[in-house]
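The values are calculated or read from the model by the stated rules, or taken from the named source; none is laboratory data. Small disclaimer: the values here were computed from a predicted structure and weren't measured. Positions of Cβ are generated from backbone atoms using ideal geometry, with glycine treated the same way; all protein chains shown enter the neighbour counts. Surface accessibility is based on the protein's heavy atoms, side chains included, excluding ligands, DNA and RNA. Shrake-Rupley method; radii C 1.70, N 1.55, O 1.52, S 1.80 Å.
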Amino acid sequence: MGEGSADILVSFEEMEAARYARFLKKDGKMVVNTTQIPSLPVLSGVCQYPRGIVEELKKHVPVWAFDATKVDAIVESEEPISLAPNREPSAIDQQIAENIFPYLHDGITLQLGIGGMPNALGSLIAGLDLKDLGMHTELMSDGYLNLYQSGKITNDKKPFQRGKGVFSICMGSKELYEFLDHNQDILSAPMHYVNNPPAR
């Protein structure tokens, strides 16, 4: 196999991922075990293990990083992804939205919540005269897709993870999943990271 010819690279260690990254195609994908396996020079104290390898790799290709010591098995499936039904905003949704509208302003970061309400609120907020909104949320839904499509969310004013929309879980339409596919402007992180207020 020559350089730039691999569709997927599976690495058992971060340095291994960096060492063989050149074999990936430009649109290739990488799966990396984040458990570090120090080399002899590192173990002997001659040098230190490099930091930020996964973050650097993510600048160039989509990377799925995980701790292999906490995984029993990885199963590939051809089952279609589950979709969450969408609905039009109800009169109650409209009333709730009108109650929160006075508190919204340019540059705020949104967390819309879970359930049918976020989609309704997202579509209603998309119609407001707002700009440079941010996303930091436990659940990403079609409500946020509406805000991205209307140009309301840029994540440019966020105090944390500026430039990145952050979420932990996702539930929505096929269009939402297609929007997320290979989207380098969105970060999916574990719930203990996303839902950790002191870290903000």
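Structural remarks
- Residues of region 101-125 satisfying the condition of being open to solvent by 20 Å² or more (accessible area, probe 1.4 Å) and either of a type in the set (A, V, I, L, M, F, W, C) or more than 22 Å from VAL166 (Cα to Cα) (or both): PHE101, PRO102, LEU104, ILE108, LEU112, ILE114, MET117, LEU124
Quick grid of which residues meet (1) over 22 Å from the mean Cα position of the chain (by Cα); (2) aliphatic (A, V, I, L, M); (3) farther than 23 Å from CYS170 by Cβ:
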| position | (1), (2), (3) |
| --- | --- |
| PRO62 | no, no, no |
| ILE92 | yes, yes, yes |
| GLN95 | yes, no, yes |
| HIS105 | yes, no, yes |
| LEU110 | no, yes, no |
| PRO118 | no, no, no |
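- Residues satisfying the stated conditions in region 73-100, i.e. of a type in the set (Val, Ile, Thr), at pLDDT 75 or above and either outside any helix (DSSP H, G or I) or open to solvent by 100 Å² or more (accessible area, probe 1.4 Å) (or both): ILE81, ILE92
- Region 56-103, residues that are touching a strand residue (DSSP E or B) at 6+ places or on another chain (Cβ under 7 Å) and β-branched (Val, Ile, Thr): VAL61, VAL63
- Scanning region 19-41 for residues being of a type in the set (A, V, I, L, M), open to solvent by 30 Å² or more (accessible area, probe 1.4 Å) and in a strand (DSSP E or B) gives a total of 1.
- Test: GLN48 is closer than 20 Å to PRO190 by Cβ and surrounded by fewer than 15 Cβ atoms within 10 Å (Cβ to Cβ): no
- Residue in region 187-196 that is in contact with a Lys or Arg (Cβ under 8 Å, 6 or more places away or on another chain) and either open to solvent by less than 70 Å² (accessible area, probe 1.4 Å) or hydrophobic (A, V, I, L, M, F, W, C) (or both) present: yes
- Checked against (1) more than 28 Å from GLU56 (Cα to Cα); (2) open to solvent by less than 70 Å² (accessible area, probe 1.4 Å), LEU180 meets all criteria but (1).
- Matching residues in region 51-67 - criterion: being assigned to a helix (DSSP H, G or I) and open to solvent by 60 Å² or more (accessible area, probe 1.4 Å): GLU55, GLU56, LYS58
- Filter result for PRO197 (under 12 Å from THR109 (Cβ atoms) and not small (Gly, Ala, Ser)): no
- Hits in region 101-140 - residues which are modelled with pLDDT of 85 or more, under 20 Å from LEU180 (Cα atoms), out of contact with any helix residue (DSSP H, G or I) (no Cβ under 6 Å at 6 or more places or on another chain) and not in a strand (DSSP E or B): GLN111, ASP132
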